[in-house]
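Inspection log for the structure reproduced underneath, given as structure tokens.
The values are calculated or read from the model by the stated rules, or taken from the named source; none is laboratory data. Bear in mind that the values here come from a model prediction, so they are computed numbers and not experimental data. Counting neighbours? That spans all protein chains shown, and the Cβs are built from the backbone with ideal geometry, glycine included.
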Amino acid sequence: MLYRIVLLLCCWCSSALADDYANDQNLRKFPPSTIFGIVQKIDYPCITIEEIPKNSISGIFGMIMLQNREMSLTPASIIRDKLNNTHVQKYLDNLSEQAVAIQPDFQGRAWVIWQLTAREKQWVIDNQLNIWK
């Protein structure tokens with residue numbers, strides 16, 4: 001009986017570890033120059049992004065000092081959703097108040113915009129990539 005319990009626990013633990021490993025492998029890779037933020041305002045071709053707050057309380061109350069940045073889109077901007085599918089510029093309205101990763105071009109304009117999943121957003125916060133210097 002004890003043998004079956006130990007075997008069951010080993011199988012359960014190994015499946016849980018395999019799920020965590022698979023989920024970490026599913027995180028998208030972003031270029032080093034990527035800017036992470038939340039889209040606050042969309043006024044095509046300009047967007048205003050803000051630092052990602054660490055939690056909902058800091059976003060509502062204390063962190064009024066979150067930095068904002070306005071960026072313009074390139075004429076050939078690429079927008080990718082949470083499943084990494086490419087969308088046209090009209091999809092930009094769906095990104096309002098969403099966490100995004102933005103790869104700027106050589107002129108500082110938004111070239112590629114990725115909509116972040118909840119897991120990717122947490123990864124950004126854990127690695128403190130949400131803080132602009």
Entirely in the range 14-97, the strands (runs of 3 or more DSSP E) that have 1 or more residues that are out of contact with any strand residue (DSSP E or B) (no Cβ under 8 Å at 6 or more places or on another chain), more than 17 Å from residue 126 (Cα to Cα) and modelled with pLDDT of 65 or more = 35-43, 68-80
Cβ-Cβ below 7 Å, separation at least six or inter-chain, first residue in the range 58-74 and β-branched (Val, Ile, Thr), second modelled with pLDDT under 85 and not in a strand (DSSP E or B): which pairs?
-> none
Boolean, residue 102 is buried (at least 16 other Cβ atoms within 10 Å of the Cβ), within 15 Å of the chain's Cα centre (by Cα) and at pLDDT 85 or above = yes
